[in-house]
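Here the structure comes first, spelled out in structure tokens, and everything after it is commentary.
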Amino acid sequence: MDRNDPFQPEESALEKLHVAMPKPCEALGDFEIFRRVVLSTLGSREGLARLLRGEGIEETHPVRFLLKVLDTPSTLAETAKRLIHCAISDVSGLWEVLRSTVDPAEIVFLHLLQLRRFFARKTTKYLEDPGLKGVLEPLSVEVALMACAGGLLEREDLKEASEYVADGVGVDERVLELLPELGVRYESLVPRFASPTRVWVTFALLCHTCVNRAVPPEELVEPLKKLKPGPIDEIEYSVREVLHEVVGGLRIDDEEVLRWVSSILVDSVEHALELANTLSRWEELAVKMPGAGAVIRLDEVEIQPSEYDPLWEPGPQEDVHESVVERVREFMEEEASGAVKRLYDLDTGEAGELVGDDALDDLLNDSIEELRKRRMK
């Protein structure tokens, strides 16, 4: 078996994935509509879009796949900086579109930043418990958001999908219903590193595939072991510089709104740094990634290796998978003293003092009715 052969699931596996997902509305309960929503939103080379078109994924190593999303950094510091950039990329462009399209733009802006933060918060969980099950709910939220933003649903389904996203994220569904009219690029709503459809569904499926192909744990984390620490002490300066540049460049006059915007962006950056920190703990990932299992269990739905991995071979697999588990134990004994230098906790000062979600909701609710009263410019 060549463990590096391309990965290409059968359509039955993707249909089962769709069956296991929560259904945001009646229309998205149809697999073909689900497929159309994803394909009409994502670029032709993006993870789930390739799979839904029946194309294989050539990069079968989950960690190398993640690092390629970040343009293959060579150090932990570089990894952190790229994640910081991803966390707040497109924010300025999003604000420019809104301020020329809707009034009051500040309120819509805060809601859409909440969307970005929701997806950024989920990323470390995909590494703490690798596998497809942990991606299902955020994936369903993202697909519903895609359908809302792309104007791909009839009025009643749009309302249901908007309510589903609003409940999951903590934003007002009335803003989501306006998305088709705002002209916002989808890439501005969900940072790429935090996107289930573009990154984390593929990562999860590759974790399952590596278990089926009996990839040793030391091979799974080898790309992370090769990352040098780099200038870790420069990260805090990078955080402050990037936040100052983005927040200052927004030119928002209302100091209260600017404070909320700063708080949400700092929180998103902190989650990006948590992801970088998790990637630095390769010894833990070496244990957790094989735990994804060869059989994908999504509550009552099961996807067998024969459905998602073209290299699956008939016959008992338990001995092979048990050998991987035993190799994990051996690996941990060998590498117990070889921990990579950790990214330290950043003190982002007053700008990093997070404001509770309840207080933010109060601010948004005070103004949301004004949004509905005013006409689109």
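The values are calculated or read from the model by the stated rules, or taken from the named source; none is laboratory data. Please read these numbers as outputs of a predicted model, since none were measured by experiment. Cβ coordinates were reconstructed from backbone atoms using ideal geometry, including for glycine residues, and neighbour counts include every protein chain displayed. In case anyone asks, the SASA skips ligands and DNA or RNA and just uses the protein heavy atoms, side chains included. Shrake-Rupley method; radii C 1.70, N 1.55, O 1.52, S 1.80 Å.
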Checklist outcome for this item: Filter the range 1-22 for residues that are in a loop (DSSP other than H, G, I, E, B) and aliphatic (A, V, I, L, M); the one that is surrounded by the most Cβ atoms within 10 Å (Cβ to Cβ) is Met21
Item to check | Residues that are assigned to a loop (DSSP other than H, G, I, E, B) and either among the β-branched types (Val, Ile, Thr) or closer than 16 Å to Val239 by Cβ (or both), drawn from the range 70-107 | outcome: Thr72, Ser89, Thr101, Val102
Checklist entry - Would it be correct to say that Val108 is out of contact with any strand residue (DSSP E or B) (no Cβ under 8 Å at 6 or more places or on another chain) and surrounded by 24 or more Cβ atoms within 10 Å (Cβ to Cβ)? => result yes
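So that you can scan it fast, the table gives a plain yes or no per residue for (1) assigned to a loop (DSSP other than H, G, I, E, B); (2) open to solvent by less than 10 Å² (accessible area, probe 1.4 Å); (3) at pLDDT 95 or above:
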position: Pro24; (1), (2), (3): yes, no, yes
position: Ile33; (1), (2), (3): no, no, yes
position: Val37; (1), (2), (3): no, yes, yes
position: Glu55; (1), (2), (3): yes, no, no
Checklist entry - Among Thr124, Thr72, which is the only one that is without any contact (Cβ under 8 Å) to a residue 60 or more places away in the chain and either hydroxyl-bearing (Ser, Thr, Tyr) or in contact with a Pro (Cβ under 9 Å, 6 or more places away or on another chain) (or both)? => result Thr72
Checklist entry - Based on what the data block shows, is Glu236 among the acidic types (Asp, Glu) and touching a helix residue (DSSP H, G or I) at 6+ places or on another chain (Cβ under 8 Å)? => result no
Item to check | Test result for Glu46, within 25 Å of Arg185 (Cβ to Cβ) and modelled with pLDDT under 95 | outcome: yes
Item to check | Failed criterion for Ala294 (all others in (1) of a type in the set (Gly, Ala, Ser); (2) assigned to a helix (DSSP H, G or I); (3) modelled with pLDDT of 90 or more hold) | outcome: (2)
Item to check | Given (1) assigned to a loop (DSSP other than H, G, I, E, B); (2) open to solvent by less than 30 Å² (accessible area, probe 1.4 Å); (3) of a type in the set (Ser, Thr, Tyr), index of the condition Thr123 fails | outcome: (1)
Item to check | Pairs where the first residue, in the range 26-52, is more than 21 Å from Arg192 (Cβ to Cβ) and the second is open to solvent by less than 60 Å² (accessible area, probe 1.4 Å) and among the small types (Gly, Ala, Ser), C-beta under 7 Å, 6+ apart | outcome: Leu28/Ala144; Leu28/Ala147; Leu28/Ala161; Ile33/Ala27
Checklist outcome for this item: Checking Thr60, Thr41, Thr75 in turn, the sole residue that is over 18 Å from Pro191 (Cα atoms) and either of a type in the set (Asp, Glu) or crowded, with 19+ Cβ neighbours inside 10 Å (or both) turns out to be Thr60
